[in-house]
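The values are calculated or read from the model by the stated rules, or taken from the named source; none is laboratory data. Please read these numbers as outputs of a predicted model, since none were measured by experiment. Positions of Cβ are generated from backbone atoms using ideal geometry, with glycine treated the same way; all protein chains shown enter the neighbour counts. When the accessible area is computed, the model is the full protein with side chains, heavy atoms only, and any ligands, DNA or RNA have been set aside. Shrake-Rupley method; radii C 1.70, N 1.55, O 1.52, S 1.80 Å.
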Amino acid sequence: MARHCPECGFTNAEGANYCQKCGAFVGQAEGQTESTTATYRIDETGELVPVDLDEVVHGEAGAALVVRAGGGRVGESFALDRERMTIGRRPDSDVFLDDVTVSRDHALIVRRGGEFHLDDLGSLNGTYVNRRRIDSHKLEDGDELQVGKYKLTFLSR
């Protein structure tokens, strides 16, 4: 059954969780159980290899960012193992994304009360979570972040 967007009214394909036109959450499809994000990396031969979350997540934080698209870095992961981690084009950024579409000081991930929040730092191209531009957003497992041309997935245990 087609799903209508509550924001713009667009008719989306069956099983869609987000509007294909505006990116708004349209709800979980009937009969669909909790979604799981599979993580893969590309090995030396170009094959997709499954990545175990425990391998990319270190410490008690239990969370990581995995590059899904952009800059030839698909599968690269960043363990979120500090209270504050910077994302940007500055070489000393914790999550260094080297492209002109990324601001030097683009965004910041902050742990607040055991939860991770993504804050845009006034970037020129904006920071997006699940296709919506954000100023600040509490991250949930499986959220898709877009920083410049890079798409990353937030994974947590």
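Quick one: 3J(HN,Hα) in Hz for region 108-118, Karplus 6.51/-1.76/1.60 with θ = phi - 60°, rounded, Gly and Pro as x.
Calculated HN-Hα couplings, in order: 9, 9, 10, 8, 10, x, x, 10, 9, 10, 9 Hz.
Provide the per residue accessible area, probe 1.4 Å, for region 96-141, rounded to a whole number of square angstrom.
Result: 55 Å² per residue.
Which trypsin sites (Lys or Arg not before Pro) from region 104-141 combine a DSSP loop assignment with at most 13 other Cβ atoms within 10 Å?
Of the trypsin sites (Lys or Arg not before Pro), the ones in loops of region 104-141 whose Cβ has at most 13 other Cβ atoms within 10 Å are R104.
Across region 8-17, in residue order, what do the Karplus-derived ³J(HN,Hα) couplings come to in whole Hz, using 6.51 cos²θ - 1.76 cosθ + 1.60 with θ = phi - 60° and x for Gly and Pro?
10, x, 4, 8, 9, 5, 4, x, 6, 9
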